[in-house]
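Enquirer: Take this structure first; my questions come after.
The values are calculated or read from the model by the stated rules, or taken from the named source; none is laboratory data. Only a predicted model underlies this, so the values are computations on that prediction, with no experimental measurement involved. Cβ placement follows ideal geometry from the backbone for every residue including glycine, while neighbour counts extend to all protein chains displayed.
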Amino acid sequence: MRSAPAPPAPAGPSPRTARALELLRRATDIPGLPGHEAELVAWFEAEARALGAETRLDRMGSCVALLPAKSPGGPRPRLLVAAHADAIGLVVTEVTRDGFLRVAPLGGVDSRLLPAQEVWVHGTRRLPGVFGTVPPHFQSPGESRKPIPFDELFVDVGLPAARARRSVRVGDLVSFRTSLQELLGGRVTGRALDNRASVTALLLAIEQLAGWNHAWDVYGAATVQEEVGRGCLGALTTTFAVRPDVALAMDVTHGEAPGADDWQTFKMDGGPVLCAGPNVHPAVFRALADTADAEQIPYQVEPSPRSTGTDAMDIQVVGHGVPTGVVGIPLRSMHSAVESLCLRDLERAAELVARFAVRLERGLPGRDE
Amino acid sequence: MARPGAFPWELFEALSNARGVTGDEGPVRRLLRDYLAPHADRMEVDAMGSLLVEKRGRRTGARVLLGAHMDEVGFMVVRIEKSGALRLQKVGGLDDRLLAGKRVRVGPQALPGVLGAKPPHLGQEEEASRTVKLEDMYADIGAADEAEARAHVRVGDTVTFDAAFEPWGAALVRGKAFDDRVGCALLAALVAGPSPADFVAAFTTQEEIGLRGARVAAQRFEPEVAVALEGTGAVDVPGKRLAALGAFPCLGRGPVLTRRDSTTISDPRLFELFERAAAAAGVRWQPKRPGIGGTDAGEYHRAGPGARAISVSVPCRYIHAPAALAARADIEATLELVRAALPKLAALQRPGGTPRENS
């Protein structure tokens, strides 16, 4: 008897996709809130070292990983690729008499997404918590038509009041509790994909570049405090230290979503998004686009008439100024606990950055036009 | 193996994790059938999908029905859009304000998804002062287009919240659908244990859209005494309105006895019976806030010639939300109370009579 041929095994993720998923899972498991990026940055440093990069932590807490040019010779031009490491979150402002927590946002948090949201409360130990709600049965008529303002929201850690007060202090951090989850079609959802997606893509780019000849010194930086404050603190100080000749900021941008305007969003699985506008040097934009065309990497263009809202805002104007570009990854539901993206876009962004770095051998055409 | 008569925590966990939006209670029913098969004297599934279990005890008396509903609030997929997004409608009472940005499971395969809405960056200023309605949300399963979505999801599939049962410290548990899987677990424990008297255990369907399963179950058995076992809202949480009204019921203060809710005025003798049983068993209990909510008792008390009815509940924070919190001690005390009251229930006569004391 002849056995029937075995059906082809279902295609699993490619090794590269599996690697991206593994890195992204780890990156999003680490809270890494603004001003408290140390654990995330340490992880980035360890990963970059394992890939052969020389690393150092700078004064503000960002990590810079250097892949020196492999060609012999004197001082080489420097490329800085920056991805901000911090993610939005919350901070405890009060532990009430009854043991509930009041919180304030760290970065852009829409209070309308918080009711019933699961969180981690980073107290004396990590505690599960949830934003409490009042069931419809107990609401006054019409109450559900009004959003709940921040000062009426509370986090319940399920502890008796005295124990809650011992375990949590004002100033403790609160992060969304959503571990990375695979969806259909190579998409994933989770917290902090803004901007751990770019941190992951940066590591993938370093991994790729480590095996290639590149004529420039390439600095990959995980920068702190993009999401809060006036400007991007980590990008500003890191750029000052590196003094790059050319820089790229890697960040996320709005992915298409039902209900969102097409003209303000970018295709999921449509490839990386290149910003064009005053925050981006035209020669860097052109070199990125030429690289994508030459390497057959699909890409999209985001017109940014004012600011790009990324590390590039600060990088561009450090010292004598830096020709800067922005490589974005389309992200749906930005600044929520259920951000989502297509892993192929993340991988393409990494590929584009690595290829761009290698092609800089010939300098940056049009730099002085 | 848990000691006989103890609360079946493993069953409760499985019931909480099982998915059974109103009208789609199959997975919950299957769990209960398997668990109860060795203990039931008779089991049937009625035309509404309710699981009706007859339990013989040492004594007969008034026809007693103990009920718990299997269904949970959730959603139904009503449209699959060209973009691959799923449009949903609510099944049961849910506050729109806590839906955006939550994780869900879609259809019989429990496909992971999220409830998406427009991001705040893109919203206009005035939008931040408005709530996000379910009509403006979509379930996102990652499908790139309609064809990919249709390969996994059908219109009419039900959608549950995605929340796995977990202990919260030593005292609390947290999970999905405690309203009313905690009642189901309590009732299953009563069926599985030795019973002093005959009773019918009704695991009902469609409570969340109007007590529909309970109505048919009650018409089938015409109970004289009926008890709805429930997970009820605990509101010992901050809130101006709650502060003014008095924030109760509370977690940790024992079972909740209802005198009056929006569907039933509890039979006074039955209420007294539970009060006395609690005192005799040393179980601390607390009142439900009168007039709020409704349970299957709303149908039990008016079926056929009518029945004495009451609701006995476990206080749970955050019912009708992705996941609720409950105190282990409250759950165990509720089981103890109902078990203590059970022998006395069969001694109650029809409404209008007087309670017969146990001889």
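Enquirer: Is it fair to say B:ALA197 is at pLDDT below 95, over 21 Å from B:CYS316 (Cβ atoms) and within 12 Å of chain A (Cβ to nearest Cβ)?
Expert: In short, no.
Enquirer: Cβ-Cβ under 6 Å, sequence separation 6+ or interchain: first residue in region B:219-238 and within 19 Å of B:PRO249 (Cα to Cα) and within 14 Å of chain A (Cβ to nearest Cβ), partner acidic (Asp, Glu) and surrounded by 24 or more Cβ atoms within 10 Å (Cβ to Cβ). Which pairs?
Expert: Short answer, once both residue conditions are applied: B:GLU230/B:ASP180; B:GLY231/B:ASP179; B:GLY231/B:ASP180.
Enquirer: Then there's this: Can you name every residue in region A:299-351 that is within 14 Å of another protein chain (Cβ to nearest Cβ) and more than 24 Å from A:ILE88 (Cβ to Cβ)?
Expert: The one that is within 14 Å of another protein chain (Cβ to nearest Cβ) and more than 24 Å from A:ILE88 (Cβ to Cβ): A:ARG344.
Enquirer: Anything in region A:93-112 that is loosely packed, with under 15 Cβ neighbours inside 10 Å, out of contact with any Pro (no Cβ under 9 Å at 6 or more places or on another chain) and within 11 Å of another protein chain (Cβ to nearest Cβ)? List them, or say none.
Expert: A:GLU94, A:ARG97
Enquirer: Of everything in region B:146-161, what is at the interface with chain A (Cβ under 9 Å from one of its Cβ atoms) and either assigned to a helix (DSSP H, G or I) or at pLDDT below 95 (or both)? Give them in sequence order.
Expert: Residues satisfying the conditions are B:GLU148, B:ALA149.
Enquirer: Separate question: On the given criteria, is A:THR189 in contact with a Ser or Thr (Cβ under 7 Å, 6 or more places away or on another chain), under 27 Å from A:PHE131 (Cα atoms), among the hydroxyl-bearing types (Ser, Thr, Tyr) and not in a loop (DSSP other than H, G, I, E, B)?
Expert: yes
Enquirer: Does region B:312-333 hold any residues that are farther than 27 Å from A:GLN139 by Cα and not in a helix (DSSP H, G or I), and which are they?
Expert: Residues satisfying the conditions do not exist here.
Enquirer: Tell me which residues, restricted to region B:88-106, are among the charged types (D, E, K, R) and under 22 Å from B:GLN206 (Cα atoms).
Expert: Answer for region B:88-106, where residues must be among the charged types (D, E, K, R) and under 22 Å from B:GLN206 (Cα atoms): B:LYS90, B:ASP95, B:ASP96, B:ARG105.
Enquirer: Sticking with this one: Would region B:108-119 turn up any residue that is touching a residue at least 12 places away in the same chain (Cβ under 8 Å), aliphatic (A, V, I, L, M), surrounded by fewer than 24 Cβ atoms within 10 Å (Cβ to Cβ) and more than 10 Å from every other protein chain (Cβ to nearest Cβ)?
Expert: From region B:108-119, those touching a residue at least 12 places away in the same chain (Cβ under 8 Å) are B:108-118; that's our starting set.
Filter once more, so that each one left must be aliphatic (A, V, I, L, M): B:110-111, B:114-115, B:117.
With surrounded by fewer than 24 Cβ atoms within 10 Å (Cβ to Cβ) added as a condition, the list becomes B:110-111.
Subsequent filtering for residues that are more than 10 Å from every other protein chain (Cβ to nearest Cβ) retains B:110.
Checked against the condition, which is being touching a residue at least 12 places away in the same chain (Cβ under 8 Å), aliphatic (A, V, I, L, M), surrounded by fewer than 24 Cβ atoms within 10 Å (Cβ to Cβ) and more than 10 Å from every other protein chain (Cβ to nearest Cβ), region B:108-119 yields at least one hit.
Enquirer: Read through the list (1) modelled with pLDDT of 95 or more; (2) surrounded by 24 or more Cβ atoms within 10 Å (Cβ to Cβ); (3) more than 14 Å from chain A (Cβ to nearest Cβ), then give the number of the only condition that B:ASP330 fails.
Expert: (3)
Enquirer: Say we look at region B:144-168 and pick out the residues that are without any contact (Cβ under 8 Å) to a residue 12 or more places away in the chain and under 19 Å from B:ASN17 (Cα atoms); which of these is surrounded by the fewest Cβ atoms within 10 Å (Cβ to Cβ)?
Expert: Checked region B:144-168; the qualifying residue surrounded by the fewest Cβ atoms within 10 Å (Cβ to Cβ) is B:GLU166.
Enquirer: Test B:LEU32 against the stated conditions and say whether it is touching a strand residue (DSSP E or B) at 6+ places or on another chain (Cβ under 9 Å), away from chain A (no Cβ under 14 Å), in a helix (DSSP H, G or I) and in contact (Cβ under 8 Å) with a residue 24 or more places away in the chain.
Expert: The answer is yes for B:LEU32.
Enquirer: Let me ask something else about it. Scanning region A:145-187 for residues that are surrounded by 17 or more Cβ atoms within 10 Å (Cβ to Cβ), among the hydroxyl-bearing types (Ser, Thr, Tyr) and within 11 Å of chain B (Cβ to nearest Cβ), which turns out nearest to A:GLU118 (Cα to Cα)?
Expert: My answer is A:THR178.
Matching residues to (1) more than 14 Å from every other protein chain (Cβ to nearest Cβ); (2) at pLDDT 95 or above:
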{"site": "A:ALA210", "(1), (2)": "yes, yes"}
{"site": "A:VAL218", "(1), (2)": "yes, yes"}
{"site": "A:ALA222", "(1), (2)": "yes, yes"}
{"site": "A:ALA235", "(1), (2)": "yes, yes"}
{"site": "A:LEU248", "(1), (2)": "yes, yes"}
{"site": "A:ASP251", "(1), (2)": "no, yes"}
{"site": "A:ASP269", "(1), (2)": "no, yes"}
{"site": "A:PRO282", "(1), (2)": "yes, no"}
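Enquirer: Checking the conditions here, which among B:GLU336, B:GLU332 is under 30 Å from B:ALA164 (Cβ atoms), touching a residue at least 60 places away in the same chain (Cβ under 8 Å), out of contact with any strand residue (DSSP E or B) (no Cβ under 8 Å at 6 or more places or on another chain) and of a type outside the set (Phe, Trp, Tyr)?
Expert: B:GLU332 is the lone residue from the list that is under 30 Å from B:ALA164 (Cβ atoms), touching a residue at least 60 places away in the same chain (Cβ under 8 Å), out of contact with any strand residue (DSSP E or B) (no Cβ under 8 Å at 6 or more places or on another chain) and of a type outside the set (Phe, Trp, Tyr).
Enquirer: Here's a follow-up. Read through the list (1) out of contact with any Leu (no Cβ under 8 Å at 6 or more places or on another chain); (2) under 20 Å from B:ASP179 (Cβ atoms); (3) at pLDDT below 95; (4) not acidic (Asp, Glu), then give the number of the only condition that B:ALA347 fails.
Expert: The one condition B:ALA347 does not meet is (2).
Enquirer: Just checking, does region B:180-194 include any residue being assigned to a helix (DSSP H, G or I), in contact with a Ser or Thr (Cβ under 9 Å, 6 or more places away or on another chain) and within 14 Å of chain A (Cβ to nearest Cβ)?
Expert: Start the filter on region B:180-194 by keeping residues that are assigned to a helix (DSSP H, G or I), which leaves B:180-192.
Then drop every residue that is not in contact with a Ser or Thr (Cβ under 9 Å, 6 or more places away or on another chain), which leaves B:180-183, B:185-186.
When the remaining residues are screened for being within 14 Å of chain A (Cβ to nearest Cβ), the result is B:180.
Yes, the conditions are met somewhere in region B:180-194.
Enquirer: Take the residues in region A:323-367 that are over 23 Å from A:SER304 (Cβ atoms) and of a type in the set (Asp, Glu); name whichever of them is modelled with the lowest pLDDT.
Expert: Looking at the filtered set, the residue picked out is A:GLU361.
Enquirer: Can you find a residue in region A:30-49 that is basic (Lys, Arg), in contact with a strand residue (DSSP E or B) (Cβ under 6 Å, 6 or more places away or on another chain) and either assigned to a helix (DSSP H, G or I) or surrounded by fewer than 19 Cβ atoms within 10 Å (Cβ to Cβ) (or both)?
Expert: The first filter runs over region A:30-49 and keeps only residues basic (Lys, Arg), leaving A:49.
If we keep only those that are in contact with a strand residue (DSSP E or B) (Cβ under 6 Å, 6 or more places away or on another chain) as well, we get A:49.
So of that shortlist, the ones also either assigned to a helix (DSSP H, G or I) or surrounded by fewer than 19 Cβ atoms within 10 Å (Cβ to Cβ) (or both) come out as A:49.
Checked region A:30-49: at least one residue is basic (Lys, Arg), in contact with a strand residue (DSSP E or B) (Cβ under 6 Å, 6 or more places away or on another chain) and either assigned to a helix (DSSP H, G or I) or surrounded by fewer than 19 Cβ atoms within 10 Å (Cβ to Cβ) (or both).
Enquirer: Being more than 15 Å from A:GLU295 (Cβ to Cβ) and in contact with a helix residue (DSSP H, G or I) (Cβ under 9 Å, 6 or more places away or on another chain) is the filter here; which residues of region A:346-369 pass it?
Expert: Answer for region A:346-369, where residues must be more than 15 Å from A:GLU295 (Cβ to Cβ) and in contact with a helix residue (DSSP H, G or I) (Cβ under 9 Å, 6 or more places away or on another chain): A:LEU346, A:LEU364, A:PRO365, A:GLY366, A:ARG367, A:ASP368, A:GLU369.
Enquirer: Kindly indicate whether B:SER262 is under 17 Å from B:LEU186 (Cβ atoms) and either within 19 Å of the chain's Cα centre (by Cα) or within 12 Å of chain A (Cβ to nearest Cβ) (or both).
Expert: Here the answer is no, as B:SER262 does not meet what is asked.
Enquirer: Quick one: in region B:287-326, which of the residues that are under 30 Å from A:PRO160 (Cα atoms) and over 14 Å from the mean Cα position of the chain (by Cα) is farthest from the other protein chains (Cβ to nearest Cβ)? Quick ask: steps written out before the conclusion?
Expert: Just the residues of region B:287-326 that are under 30 Å from A:PRO160 (Cα atoms), to begin with: B:287-295, B:311-326.
Narrowing further to those that are over 14 Å from the mean Cα position of the chain (by Cα): B:287-292.
Values: B:PRO287: 15, B:LYS288: 10, B:ARG289: 8, B:PRO290: 12, B:GLY291: 10, B:ILE292: 5 Å.
Among residues in region B:287-326 that are under 30 Å from A:PRO160 (Cα atoms) and over 14 Å from the mean Cα position of the chain (by Cα), the one farthest from the other protein chains (Cβ to nearest Cβ) is B:PRO287.
Enquirer: Does A:LEU236 qualify as being more than 14 Å from the chain's Cα centre (by Cα) and surrounded by fewer than 24 Cβ atoms within 10 Å (Cβ to Cβ)?
Expert: So A:LEU236 passes the test.
Enquirer: Name every residue in region A:131-144 that is buried (at least 22 other Cβ atoms within 10 Å of the Cβ) and either more than 7 Å from chain B (Cβ to nearest Cβ) or at positive phi (or both), in order of residue number.
Expert: A:PHE131
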